[in-house]
Amino acid sequence: MDEIDNLFSQLDERESLVLRERIVARVPQRRGAIGAKLGVGSGRVGQIEADVKAKLNAACGFGTAVGNLLASLRVEIQPVASLDRLLDVHPSIAAEVPGYGVPLWLVLDRLDDYFEVTDGWAAAPGVAEAKKRTQTLLEDFESPNGVVALDDVAEVVSMSRGELEKWLAWCGVVVVAESALTRARRISDLAVGALEAVGSPKSVVELVDLLKSDRSERSIERALEADDRVALDGAVWRLHAWGSADSVGEEPVSSGEAEEASEFNIGGDGIVRRKRTRNTAKTPELTRRLYRSGSTWRYRLTVTADHLRGSGFAVPAGVAVAAGCVRGETIELESHLGVQAVRWTGAQPTFGTIRRFLRELSAVEGEDVLLELWQDGTFRVVRPAIVHSDIDPLRQALAEVGNREPLRTAERHVVRILAEAVCLDGEDRPRKILRAYEDRGEDVVLDFLEAAWRRGEASEIDEVEGKDASHD
């Protein structure tokens, strides 16, 4: 408080007004309104605001009381924490700053670009980035049906179980039977995930209640009727992968009915549970938005404001593995702009800043780029190919998986490249390739493939699968 008071006292009259009425105000005044009081335009107010923040940030570096407190808060957050927990751990941040009528945590939030409080959640560098990191973490733990046991996540985050559940609810993640459901593209994905989470057959009425969905029972029923992952037994739905209907609830799932059945066990309570396999990291082959081309992996990343200002960022475990990094290690990849650090010393692997690469590309927020991981340990950031929306959907899918010249790719190679991208080398059966992209939750690519194969090129599927049947 002494440091804050001393720093604020050094500001001139105009700076103090901007600080009080805009920077640290509970409801910041508009620049135009402040400009009218100062007799300057809103642009000048913005410049004064930036100067004040820069001046205060420069005086609050590591080694100062404020700088050390901010560093401690960032460690506690990792990457998000409820404000209530932070107040319990650091009660001093609840104290009111003399003369300003606001708590210290609000002042720290407004002055520090790497600390943000929104709707009762504190995050570093921001709540939006924390939400993305949470989604990435859930993807690392998800089953092929997009089910994540909250017990698995709770083991690697700094949150309590209750805090984790509240945070997931804030992020809009559906939670059923102590499991998060990551696949929400279609109602059938949510229903299948709910069945796996509860581990027992359910009626459509029960599924509607579990999902708290506003969809009609009939619409969910139609979606399930078209989904080959489930079967209807009387009035209830079950997963095919559980085995025969008679075996559910009576004896261990047999591995003879389906290859996937061995992934489940039936407990003494009759609940079917997927075997836990969290001993190993999720492989690159199963990692969303990560595609292989020969010996090169390409990870499709959407540029954020945090990337542009130089923040490091979390990546799925499969991306770290593709880069050659394992849990507990830090590696450096070579590039024409210097080394690129990849660290896996915490719950999630992270990449160091890629700002220099984004500047070279003149990339902007919201744009997609490809992080290229080469077998020889080199690293690049490149732009994906952009194709017009009236181009055939298969070539749009090629561009989405990182193919640099989709329009020049020969017809006979299109399916091969799409299969290779998800490590199905040599596969040419559309349904097999579709299932691989479905298992990874590749919604954008799936839309293109379905447009090509499930509607516009249905005859091509029949022809290809006819050949497959004759080979079998």
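Coordinate-derived values only; no laboratory data. It should be emphasised that the depicted structure is a prediction, and the values quoted were computed from it without experimental measurement. No Cβ is skipped: glycine too gets one built from the backbone with ideal geometry, and neighbour counts run over all protein chains shown.
Values computed for the structure shown
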quantity	calculated
Amide H partners (placed H, <5 Å) of residue 174, local residues excluded	181
Listed residues 415, 370, 204: farthest to the positive end of the dipole of the chain (Cβ charges)	370
Links that overshoot a 32 Å alpha carbon limit, given the list 53/131; 55/166; 202/282; 212/282	55/166
Phi-based couplings in Hz for the range 370-377 (Karplus 6.51, -1.76, 1.60; Gly and Pro marked x)	10, 8, 9, 10, 8, 4, 7, x
Size of electric dipole in the range 6-148: Cβ of Lys, Arg +1 and of Asp, Glu -1, about Cα centre, debye, nearest 20	580
Qualifying GluC sites (Glu not before Pro) for the range 283-339 [loop in DSSP, other Cβ within 10 Å: at most 13]	329
Sequence-distant residues sharing a close amide H with residue 422 (under 5 Å, placed H)	292
Cleavage-rule hits (trypsin sites (Lys or Arg not before Pro)) in the range 1-83: DSSP loop, at most 12 neighbouring Cβ within 10 angstrom	26, 30
C-alpha long axis of helix 458-471 to longest principal axis of the chain, angle in °	60
Tilt relative to the chain, helix 187-198 - C-alpha long axis, 0 to 90 degrees, to 10	90
Of the trypsin sites (Lys or Arg not before Pro) in the range 198-244, those whose Cβ has at most 16 other Cβ within 10 Å and which sit in DSSP loop	212, 215
Backbone N under 11 Å from the residue 233 label point (7 Å along Cα→Cβ), restricted to the range 164-179	none
Helix-only [θ]222 nm of the chain, DSSP H runs n ≥ 4, -39500 (n - 2.57) each, per residue, nearest 500	-12000 deg cm²/dmol
Shape call, the range 284-382: gyration tensor on alpha carbons, a/c limit 1.5	rounded
For the range 417-433, Karplus couplings with θ = phi - 60° (6.51, -1.76, 1.60), whole Hz, Gly/Pro x	5, 4, 6, 4, 4, 10, 6, 10, 3, x, 6, 10, 8, x, 5, 5, 5
Hull-based mean projected area of the chain, where the convex hull spans the alpha carbons, in square nanometres	27.6
Note, ³J(HN,Hα) from phi for the range 327-338, Karplus 6.51, -1.76, 1.60, rounded to Hz, x at Gly and Pro	4, x, 10, 10, 10, 10, 9, 7, 8, 6, 10, x
Placed amide H near residue 126: partners under 5 Å, 5+ positions off or other chain	none
Sorted peptide list for 351-359, 315-323, 170-178, criterion being average Cβ within 10 angstrom, highest first	315-323, 351-359, 170-178
